[in-house]
(Lines give C-alpha, C1' and ligand atoms only; values in the text may rest on other atoms or scores of the structure.)
Protein backbone atom coordinates (compact mmCIF):
# COMPACT_ATOMS: atom_id res chain seq x y z
CA UNK A 1 0.00 0.00 0.00
CA UNK A 2 1.35 3.46 -0.92
CA UNK A 3 1.15 6.59 1.22
CA UNK A 4 -1.94 7.88 -0.63
CA UNK A 5 -3.84 4.67 0.12
CA UNK A 6 -2.70 4.67 3.75
CA UNK A 7 -3.97 8.22 4.23
CA UNK A 8 -7.33 7.33 2.72
CA UNK A 9 -7.54 4.34 5.06
CA UNK A 10 -6.67 6.52 8.05
CA UNK A 11 -9.31 9.08 7.03
CA UNK A 12 -11.90 6.35 6.63
CA UNK A 13 -11.01 4.93 10.05
CA UNK A 14 -11.31 8.29 11.78
CA UNK A 15 -14.55 9.01 9.95
CA UNK A 16 -15.98 5.62 10.90
CA UNK A 17 -15.13 6.26 14.56
CA UNK A 18 -17.03 9.55 14.49
CA UNK A 19 -19.87 7.92 12.58
CA UNK A 20 -20.14 5.20 15.21
CA UNK A 21 -20.75 7.82 17.89
CA UNK A 22 -23.41 9.49 15.75
CA UNK A 23 -24.93 6.09 14.99
CA UNK A 24 -25.30 5.30 18.67
CA UNK A 25 -27.12 8.61 19.15
CA UNK A 26 -29.49 7.83 16.27
CA UNK A 27 -30.15 4.34 17.64
CA UNK A 28 -31.05 5.80 21.02
CA UNK A 29 -33.37 8.28 19.32
CA UNK A 30 -35.10 5.48 17.46
CA UNK A 31 -35.42 3.37 20.61
CA UNK A 32 -36.95 6.16 22.70
CA UNK A 33 -38.96 8.03 20.06
CA UNK A 34 -40.64 5.00 18.48
CA UNK A 35 -42.84 4.14 21.50
CA UNK A 36 -43.15 7.78 22.60
CA UNK A 37 -44.67 8.91 19.28
CA UNK A 38 -46.21 5.58 18.29
CA UNK A 39 -44.17 5.44 15.07
CA UNK A 40 -45.07 2.61 12.69
CA UNK A 41 -42.05 1.64 10.62
CA UNK A 42 -42.63 0.23 7.11
CA UNK A 43 -39.85 -2.31 7.76
CA UNK A 44 -38.78 -4.44 10.69
CA UNK A 45 -37.66 -2.50 13.78
CA UNK A 46 -34.33 -4.31 13.77
CA UNK A 47 -33.70 -3.11 10.22
CA UNK A 48 -34.35 0.49 11.28
CA UNK A 49 -31.88 0.16 14.15
CA UNK A 50 -29.28 -1.35 11.84
CA UNK A 51 -29.75 1.47 9.31
CA UNK A 52 -29.53 4.13 12.05
CA UNK A 53 -26.21 2.67 13.15
CA UNK A 54 -24.74 1.91 9.72
CA UNK A 55 -25.66 4.98 7.67
CA UNK A 56 -23.62 7.51 9.74
CA UNK A 57 -20.63 5.14 9.73
CA UNK A 58 -20.74 4.68 5.95
CA UNK A 59 -21.27 8.39 5.34
CA UNK A 60 -18.48 9.67 7.63
CA UNK A 61 -16.09 6.90 6.54
CA UNK A 62 -16.63 7.91 2.91
CA UNK A 63 -15.99 11.57 3.74
CA UNK A 64 -12.90 10.58 5.72
CA UNK A 65 -11.54 8.49 2.85
CA UNK A 66 -12.14 11.38 0.45
CA UNK A 67 -10.34 13.88 2.69
CA UNK A 68 -7.65 11.48 3.96
CA UNK A 69 -4.89 12.60 1.56
CA UNK A 70 -5.28 16.15 2.93
CA UNK A 71 -4.39 15.12 6.50
CA UNK A 72 -0.64 15.99 6.17
CA UNK A 73 -1.53 19.39 4.72
CA UNK A 74 -3.95 20.04 7.60
CA UNK A 75 -1.28 19.10 10.13
CA UNK A 76 1.27 21.36 8.45
CA UNK A 77 -1.23 24.23 8.32
CA UNK A 78 -2.02 23.78 12.01
CA UNK A 79 1.70 23.75 12.85
CA UNK A 80 2.34 26.89 10.77
CA UNK A 81 -0.64 28.65 12.38
CA UNK A 82 0.65 27.74 15.83
CA UNK A 83 4.14 29.09 15.02
CA UNK A 84 2.62 32.24 13.55
CA UNK A 85 0.52 32.69 16.66
CA UNK A 86 3.57 32.36 18.89
CA UNK A 87 5.48 34.87 16.80
CA UNK A 88 2.58 37.32 16.63
CA UNK A 89 2.27 37.55 20.41
CA UNK A 90 5.93 38.45 20.95
CA UNK A 91 6.62 42.19 20.72
CA UNK A 92 5.05 44.96 18.70
CA UNK A 93 4.55 44.86 14.94
CA UNK A 94 7.66 46.26 13.32
CA UNK A 95 6.18 47.81 10.16
CA UNK A 96 2.94 48.31 8.22
CA UNK A 97 3.48 45.03 6.40
CA UNK A 98 3.05 42.87 9.52
CA UNK A 99 0.19 40.49 8.97
CA UNK A 100 -1.23 37.28 10.40
CA UNK A 101 -3.68 35.13 8.44
CA UNK A 102 -5.68 32.40 10.17
CA UNK A 103 -7.43 30.23 7.60
CA UNK A 104 -10.34 27.91 8.26
CA UNK A 105 -9.41 24.64 9.99
CA UNK A 106 -10.55 21.78 7.76
CA UNK A 107 -10.46 19.27 10.60
CA UNK A 108 -12.68 21.37 12.86
CA UNK A 109 -14.96 22.30 9.95
CA UNK A 110 -15.43 18.61 9.22
CA UNK A 111 -16.94 18.21 12.68
CA UNK A 112 -19.50 20.90 11.83
CA UNK A 113 -20.23 19.25 8.48
CA UNK A 114 -20.90 15.88 10.10
CA UNK A 115 -23.08 17.44 12.80
CA UNK A 116 -24.96 19.42 10.16
CA UNK A 117 -25.55 16.28 8.11
CA UNK A 118 -26.81 14.50 11.22
CA UNK A 119 -29.26 17.31 12.05
CA UNK A 120 -30.42 17.48 8.43
CA UNK A 121 -30.96 13.72 8.50
CA UNK A 122 -32.95 14.11 11.73
CA UNK A 123 -35.19 16.64 9.98
CA UNK A 124 -35.68 14.26 7.07
CA UNK A 125 -36.49 11.54 9.61
CA UNK A 126 -39.28 13.71 11.03
CA UNK A 127 -40.69 14.33 7.57
CA UNK A 128 -40.62 10.72 6.43
CA UNK A 129 -41.28 8.72 9.60
CA UNK A 130 -43.00 10.97 12.14
CA UNK A 131 -45.28 13.09 9.93
CA UNK A 132 -47.67 10.22 9.09
CA UNK A 133 -48.49 9.81 12.80
CA UNK A 134 -47.96 13.33 14.19
CA UNK A 135 -49.32 15.40 11.32
CA UNK A 136 -48.54 18.92 10.11
CA UNK A 137 -46.52 20.01 13.16
CA UNK A 138 -43.91 17.29 12.63
CA UNK A 139 -43.71 18.17 8.93
CA UNK A 140 -43.14 21.86 9.68
CA UNK A 141 -40.43 21.10 12.24
CA UNK A 142 -38.81 18.60 9.88
CA UNK A 143 -38.72 20.97 6.90
CA UNK A 144 -37.45 23.80 9.08
CA UNK A 145 -34.59 21.55 10.26
CA UNK A 146 -33.78 20.38 6.73
CA UNK A 147 -33.70 23.91 5.30
CA UNK A 148 -31.84 25.48 8.21
CA UNK A 149 -29.24 22.80 8.91
CA UNK A 150 -28.98 21.85 5.24
CA UNK A 151 -28.11 25.45 4.33
CA UNK A 152 -25.56 25.72 7.13
CA UNK A 153 -24.01 22.39 6.13
CA UNK A 154 -23.68 23.61 2.54
CA UNK A 155 -21.82 26.71 3.74
CA UNK A 156 -19.45 24.59 5.82
CA UNK A 157 -18.85 22.30 2.84
CA UNK A 158 -17.80 25.34 0.80
CA UNK A 159 -15.41 26.34 3.59
CA UNK A 160 -14.09 22.78 3.77
CA UNK A 161 -13.28 22.70 0.06
CA UNK A 162 -11.81 26.22 -0.24
CA UNK A 163 -10.47 26.67 3.30
CA UNK A 164 -7.73 29.13 2.35
CA UNK A 165 -10.25 31.60 0.95
CA UNK A 166 -11.89 32.10 4.33
CA UNK A 167 -10.85 33.03 7.83
CA UNK A 168 -9.40 35.94 9.79
CA UNK A 169 -6.60 38.31 8.78
CA UNK A 170 -4.89 40.67 11.24
CA UNK A 171 -2.67 43.63 10.37
CA UNK A 172 -1.49 46.81 12.06
CA UNK A 173 -4.58 48.79 11.02
CA UNK A 174 -7.31 46.31 11.82
CA UNK A 175 -8.69 42.86 11.04
CA UNK A 176 -10.80 41.30 8.29
CA UNK A 177 -13.30 38.47 8.67
CA UNK A 178 -13.93 36.66 5.37
CA UNK A 179 -16.69 34.06 5.23
CA UNK A 180 -18.82 32.44 2.50
CA UNK A 181 -21.04 35.35 1.53
CA UNK A 182 -18.61 38.23 1.86
CA UNK A 183 -16.20 39.97 4.21
CA UNK A 184 -16.16 42.66 6.89
CA UNK A 185 -13.26 44.78 8.07
CA UNK A 186 -12.77 46.54 11.41
CA UNK A 187 -10.21 49.04 12.70
CA UNK A 188 -8.42 48.31 15.98
CA UNK A 189 -8.91 51.86 17.24
CA UNK A 190 -12.69 51.54 16.97
CA UNK A 191 -12.95 48.23 18.85
CA UNK A 192 -14.29 48.86 22.33
CA UNK A 193 -13.52 45.40 23.68
CA UNK A 194 -13.44 41.69 22.89
CA UNK A 195 -15.30 39.28 25.15
CA UNK A 196 -16.39 35.61 25.25
CA UNK A 197 -19.98 34.94 24.19
CA UNK A 198 -21.16 31.56 25.41
CA UNK A 199 -23.41 29.39 23.25
CA UNK A 200 -24.05 25.64 23.09
CA UNK A 201 -20.56 25.11 21.65
CA UNK A 202 -17.78 23.73 23.84
CA UNK A 203 -15.74 26.92 23.48
CA UNK A 204 -17.14 30.46 23.67
CA UNK A 205 -17.49 32.60 20.57
CA UNK A 206 -15.22 35.65 20.48
CA UNK A 207 -17.51 38.69 20.17
CA UNK A 208 -16.76 42.39 20.29
CA UNK A 209 -18.32 45.82 20.62
CA UNK A 210 -17.46 48.29 17.85
CA UNK A 211 -17.70 52.08 18.00
CA UNK A 212 -17.39 52.70 14.25
CA UNK A 213 -18.99 51.33 11.11
CA UNK A 214 -17.58 48.13 9.65
CA UNK A 215 -16.50 47.98 6.00
CA UNK A 216 -18.82 45.27 4.71
CA UNK A 217 -18.72 43.49 1.34
CA UNK A 218 -21.44 41.01 0.44
CA UNK A 219 -23.92 39.62 2.94
CA UNK A 220 -22.62 39.50 6.51
CA UNK A 221 -24.39 39.20 9.86
CA UNK A 222 -22.83 41.71 12.24
CA UNK A 223 -25.04 42.40 15.26
CA UNK A 224 -26.26 40.12 18.02
CA UNK A 225 -29.81 39.93 19.30
CA UNK A 226 -30.63 42.85 21.63
CA UNK A 227 -27.32 44.51 20.68
CA UNK A 228 -25.22 42.12 22.77
CA UNK A 229 -22.35 42.44 20.27
CA UNK A 230 -21.46 44.21 17.04
CA UNK A 231 -19.52 41.33 15.51
CA UNK A 232 -18.14 37.86 16.11
CA UNK A 233 -15.13 35.89 14.88
CA UNK A 234 -15.33 32.52 13.09
CA UNK A 235 -15.58 29.46 15.33
CA UNK A 236 -13.70 27.06 13.05
CA UNK A 237 -10.25 28.66 13.00
CA UNK A 238 -7.09 26.80 14.08
CA UNK A 239 -7.24 28.82 17.32
CA UNK A 240 -10.56 29.35 19.11
CA UNK A 241 -12.20 30.41 22.35
CA UNK A 242 -10.20 32.21 25.01
CA UNK A 243 -6.90 31.68 23.15
CA UNK A 244 -8.31 33.58 20.16
CA UNK A 245 -9.65 36.24 22.53
CA UNK A 246 -6.16 36.71 24.02
CA UNK A 247 -4.64 36.98 20.55
CA UNK A 248 -7.12 39.66 19.47
CA UNK A 249 -6.66 41.69 22.65
CA UNK A 250 -2.87 41.45 22.28
CA UNK A 251 -2.95 42.83 18.73
CA UNK A 252 -5.51 45.49 19.63
CA UNK A 253 -3.67 46.80 22.68
CA UNK A 254 -0.23 46.77 21.07
CA UNK A 255 -1.21 48.34 17.77
CA UNK A 256 -3.32 51.06 19.36
CA UNK A 257 -0.62 51.81 21.95
CA UNK A 258 2.12 52.01 19.32
CA UNK A 259 0.03 54.38 17.20
CA UNK A 260 -0.34 56.98 19.93
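Remarks
- Matching residues, the stretch 198-208, being buried (at least 16 other Cβ atoms within 10 Å of the Cβ) and at pLDDT below 90: 204, 205
- Test: residue in the stretch 41-61 that is assigned by TED's automatic domain parsing to the domain that holds residue 119, in contact with a helix residue (DSSP H, G or I) (Cβ under 6 Å, 6 or more places away or on another chain) and modelled with pLDDT under 75: yes
- When 145, 101, 65, 129 are checked against the criterion of being modelled with pLDDT of 80 or more and farther than 30 Å from residue 254 by Cα, a single residue qualifies: 145.
- Single condition residue 164 does not satisfy, out of (1) touching a helix residue (DSSP H, G or I) at 6+ places or on another chain (Cβ under 6 Å); (2) under 22 Å from residue 215 (Cβ atoms); (3) surrounded by fewer than 19 Cβ atoms within 10 Å (Cβ to Cβ): (1)
- Within the stretch 175-197, being out of contact with any strand residue (DSSP E or B) (no Cβ under 7 Å at 6 or more places or on another chain), at pLDDT 90 or above and in a strand (DSSP E or B) holds for no residue.
- Condition check for residue 156: within 27 Å of residue 107 (Cβ to Cβ), crowded, with 19+ Cβ neighbours inside 10 Å and modelled with pLDDT of 90 or more: no
The values are calculated or read from the model by the stated rules, or taken from the named source; none is laboratory data. Bear in mind that the values here come from a model prediction, so they are computed numbers and not experimental data. Quick reminder, even Gly has a Cβ in these numbers, built from the backbone with ideal geometry, and neighbours come from all protein chains shown.
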